[in-house]
1. Are any of the residues in segment A:87-106 within 14 Å of chain B (Cβ to nearest Cβ), at pLDDT 95 or above and either over 30 Å from A:Glu188 (Cα atoms) or within 16 Å of DNA strand D (Cβ to nearest atom) (or both)?
2. Which residue pairs have Cβ atoms under 8 Å apart, sit 6 or more places apart or on different chains, and have a first residue in segment A:36-63 that is within 15 Å of DNA strand D (Cβ to nearest atom) and a second that is among the hydroxyl-bearing types (Ser, Thr, Tyr) and not in a helix (DSSP H, G or I)?
3. Of all the residues that make up segment A:175-204, how many are modelled with pLDDT under 95 and farther than 27 Å from A:Ile111 by Cα?
4. Name the residue, out of B:Ile111, B:Ile151, B:Ile173, that is in a loop (DSSP other than H, G, I, E, B) and open to solvent by less than 20 Å² (accessible area, probe 1.4 Å).
5. Please indicate, with yes or no, whether at least one residue in segment B:154-168 is open to solvent by 10 Å² or more (accessible area, probe 1.4 Å) and not in a helix (DSSP H, G or I).
6. Only residues that are in contact (Cβ under 8 Å) with a residue 12 or more places away in the chain and over 14 Å from the mean Cα position of the chain (by Cα): list them for segment A:153-168, please.
7. For segment A:30-39, give me each residue that is in a helix (DSSP H, G or I) and either of a type in the set (A, V, I, L, M, F, W, C) or modelled with pLDDT under 95 (or both).
8. Just to be sure I understand, how many residues within segment B:33-67 are within 13 Å of DNA strand C (Cβ to nearest atom), more than 14 Å from chain A (Cβ to nearest Cβ) and crowded, with 18+ Cβ neighbours inside 10 Å?
2 protein chains.
Amino acid sequence: MITNPRVEATRARILNAALDAFVLDGYTGASTDVIAAAAAASKQTVYKYFGDKEGLFRALISDVVDRVHDSIVRLDIDAYEDGEAVVRALARLLTDSVLDRRVQRFRRLVIAEAARFPDIGRAYYEGAFEHTLGRMADLLASASERGLLHIDEPRIAANQLAGLLLWIPSNRIMMTGRFDAISEAEVESGLESGVRVFLAAFRD
Amino acid sequence: MITNPRVEATRARILNAALDAFVLDGYTGASTDVIAAAAAASKQTVYKYFGDKEGLFRALISDVVDRVHDSIVRLDIDAYEDGEAVVRALARLLTDSVLDRRVQRFRRLVIAEAARFPDIGRAYYEGAFEHTLGRMADLLASASERGLLHIDEPRIAANQLAGLLLWIPSNRIMMTGRFDAISEAEVESGLESGVRVFLAAFRD
DNA sequence: TATGAACGGTACCGTTCAGTACGGTACTGA
DNA sequence: TCAGTACCGTACTGAACGGTACCGTTCATA
């Protein structure tokens, strides 16, 4: 694939504008006129690159999923000497990444459009959501092998840690639509109590 | 308020049709033409009762929130003699109600439109979501007072139980758009392992 | 059975929006 | 300097949709 830098820049500008528009107004609510204007591009160019509105939307989703896929949780598990430290580090990484404004907004978009584009929802779920959980499970398994934790089914444990930490803040953010609906202190205390419950179940 | 049965029936038919349409296509995607047709009503009548599209949407939301509010978890906590039974009963009640197709679809709708109607999202979050958690917290507190569990902060514990049980299935359902994405067996094993973790932390 | 309110059906208006056409401009590379 | 390509701006078309108007019909009730 030839990468004309000018083309690439225009394409990126359009995708950026599309992200903003779709995330704010949803698929139906966003208009290609507004997207083109925000990207300082002409509709002509938008349609030339992406075919139609649906093509633009799909390109946007896979673009983001690919980035999530690449930037997946890297944690040097060997640097930690006890289970509590491992779990706390993992918990912080997870909350920091998932409760990020952009991530929350994007997830809301995917959920909102899952009825219209079932394949897109599935792609995101498998490519981003489950992929992250799989990585977490690997880390927990490795900690378990080193005797820091006692985990028989790492995948389930990873799911549970995520649920403990994210259920409340994620729902509050998505339902209220306010991406700053959770204070620093709440995140902190939620993390602390979540880690405590997890350790009660999986440290010896 | 005079309750003309004919008026009431027409109104109910319109709200039912609106629920289906909004849940399927979102606020922007649903059309009042389709809603009126599905309700076997004329647009004239729809607009007479609800003013405009937004009025119809708001009426629908508060209608549903009121119903959730009324049918809130009632569980005879005194019937149980040990903590495990209490938690298991609570867990089943919670998963059965929250993972219900209609509930999931409605929550997705609220999330999808939270940006467009922030007050609606907040009303649902406080009137339905938090209300249920509060009721759960009461039950856990009562079990704790009877010595069946050891819970210092019932509200937090209720949040955590919900997160343990619902994070994965709820996300899978909403993101894939398939409301049968979770098998009976998965629900069962998720419930079992969630209860186990919860008990490890809160039983003695 | 007479009366009026509730209601359905259809046509209509104004606007928005996806998608297209076209003419002109900036850049790039030989 | 010339050719080709990327791109912008604007105007346009056709369809969908929110909302309104009008007329005929149904139905409860007195």
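The values are calculated or read from the model by the stated rules, or taken from the named source; none is laboratory data. Only a predicted model underlies this, so the values are computations on that prediction, with no experimental measurement involved. Using ideal geometry, Cβ is built from the backbone for each residue, glycine included, and neighbour counts are taken over all protein chains shown. Keep in mind that these areas ignore ligands, DNA and RNA; they rest on the heavy atoms of the full protein, side chains included. Shrake-Rupley method; radii C 1.70, N 1.55, O 1.52, S 1.80 Å.
1. No, segment A:87-106 contains no residue that is within 14 Å of chain B (Cβ to nearest Cβ), at pLDDT 95 or above and either over 30 Å from A:Glu188 (Cα atoms) or within 16 Å of DNA strand D (Cβ to nearest atom) (or both).
2. A:Ala36/A:Ser42
3. Total satisfying the criteria: 2.
4. One residue alone meets the criteria, B:Ile151.
5. No.
6. Of everything in segment A:153-168, those that are in contact (Cβ under 8 Å) with a residue 12 or more places away in the chain and over 14 Å from the mean Cα position of the chain (by Cα) turn out to be A:Pro154, A:Arg155, A:Ala157, A:Ala158, A:Asn159, A:Gln160, A:Leu161, A:Leu164, A:Leu165, A:Ile168.
7. Hits for segment A:30-39 are A:Val34, A:Ile35, A:Ala36, A:Ala37, A:Ala38.
8. Count: 6.
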